[in-house]
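Visitor: Handing you a structure now.
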Amino acid sequence: MKTYPIPMVPGPVRVPAAIRNVYLESYGSGDLETDFIELYTRTQRRLKEIFTTRDDIVIMSGEGMLALWSALKSCLVPGDRVLAVATGVFGYGIGEMAQSLGADVKIVGFSYDETINDLARIEAAIAEFKPRMITAVHCETPSGTLNPLDGLGRLKQTYQVPLFYVDTVAGAGGVPVLADDWQIDLCLGGSQKCLSAPPDMSFLSVSPKAGRSSKRWAMWATTPSNPSTRPSRIGISPIRPVGRALRHSLSLPDCCWKKA
Ligand SMILES: Cc1ncc(COP(=O)(O)O)c(C=O)c1O
């Protein structure tokens, strides 16, 4: 494998040996042992700090797209209006994903070398289209751009849009993410970019409103996400090695903008 002093790639990034070593550990049954729940809870706590949120955190085994799809599939039904604010491949792509689920999608599009810079255009679209969900991408990895999200959050609040969905797969852990301040209901991250873990974990914050609005069987229902119903044992396959790898990466000082 070729290595570069500064790998100018969007990820997956090089995984430090300490994190790779976690995968060599053996692990026991989620039916008989409680360690996984403890690990899950500690990791949730750290991810809340990374997202600067009080909302619940759901962690899943799977690449970043799993978080993107599960949030859309859990919260949308055909006919829901979705306003996709798009400045790059992923922003436009999320609009297409919502459309494929039967949502009525309107795109407010910018070119790939722009960031969100015309709130008046977005405001007019929200006022006219009255979306149930606004979607946006924080860091558009292929373009290398970072979108400001505070203005979108204010518009969401002013127009009482129920759900604000943000892909920060490439931002989480690398730059501040202020999910609560920016009014984000579904904040989506992945393990393999700024967090320097392998590409097999995704996670999202779920606001109470997003949780209540899950209209069909929520894709995150199989994870021990709800503290009030959290079991001491779980009947699903525990994702302990990947969970441990993520937890380990979250404690590395050079992986995150915000230290533990
Ligand atoms: C902004 C953004 N969102 C989502 C994804 C999807 O993540 P994954 O490749 O882990 O499925 C990527 C991956 O490059 C990304 O850059």
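Computed from the coordinates by the stated procedures, all read-outs in this text should not be read as laboratory data. For clarity, every value in this text was computed on a predicted model and none was experimentally measured. Note: ideal-geometry Cβ built from the backbone for every residue, glycine included; neighbour counts use all protein chains shown.
Visitor: Based on the Cβ-Cβ distance of K130 and M65, what FRET efficiency does E = 1/(1 + (r/R0)^6) give at R0 = 30 Å, to the nearest 0.05? Numbers along the way, then the final one.
Guide: On the way: r = 28 Å, r/R0 = 0.94.
Efficiency computed from Cβ-Cβ geometry: 0.60.
Visitor: Rounded to the nearest 0.05, what FRET efficiency do S26 and R81 give with R0 = 35 Å and r taken as the Cβ-Cβ distance? Could you check? Before the final figure, lay out each step's value.
Guide: Numbers: r = 49 Å, r/R0 = 1.40.
That gives a FRET efficiency of 0.10.
Visitor: So if I take the centroid of the Cα atoms in segment 44-60 and the same for segment 67-123, what is the distance between those two points in Å?
Guide: 23
Visitor: Using the beta-carbon distance between A18 and N117 and R0 = 35 Å, what value does 1/(1 + (r/R0)^6) give for FRET efficiency, to the nearest 0.05?
Guide: Working: r = 41 Å, r/R0 = 1.16.
Given R0 = 35 Å and the Cβ-Cβ separation, E is 0.30.
Visitor: Still on this structure, I have one more. Given an 8 Å cut-off on Cα distances and at least 6 residues of separation, report the relative contact order of the chain as a percent. Don't skip to the answer; put the middle values down first.
Guide: Values: 528 pairs, mean separation 76.0, N = 260.
With pairs under 8 Å counted, the relative contact order is 29 percent.
Visitor: Grab the DSSP H runs of the chain that are 4 residues or longer, score each as -39,500 (n - 2.57), total them, divide by all residues and round the 222 nm result to the nearest 500 deg cm²/dmol. Mind showing how you got there, number by number?
Guide: Details: 8 runs with 83 residues, N = 260.
Helix-only estimate at 222 nm: -9500 deg cm²/dmol.
Visitor: Rounded, prolate or oblate: pick one for the chain, where a ≥ b ≥ c are the square roots of the eigenvalues of its C-alpha gyration tensor, a/c under 1.5 means rounded, and failing that, prolate if a/b is larger than b/c, else oblate.
Guide: Values: a/c = 2.04, a/b = 1.36, b/c = 1.50.
In terms of gyration-tensor shape, oblate.
Visitor: Could you order peptides 77-88, 198-209 by the average number of other Cβ atoms within 10 Å of their residues, highest first? It would help to have the intermediate numbers written out before the result.
Guide: Numbers: 77-88: 20.4, 198-209: 22.6.
Answer by packing, highest mean first, reads 198-209, 77-88.
Visitor: Also: Calculate, in nm to one decimal, what D181 and I6 gain on full extension: separation in residues at 0.36 nm each, minus their alpha carbon distance. Mind showing how you got there, number by number?
Guide: Details: separation 175, 0.36 × 175 = 63.00 nm, distance 3.27 nm.
Roughly 59.7 nm would be gained on extension.
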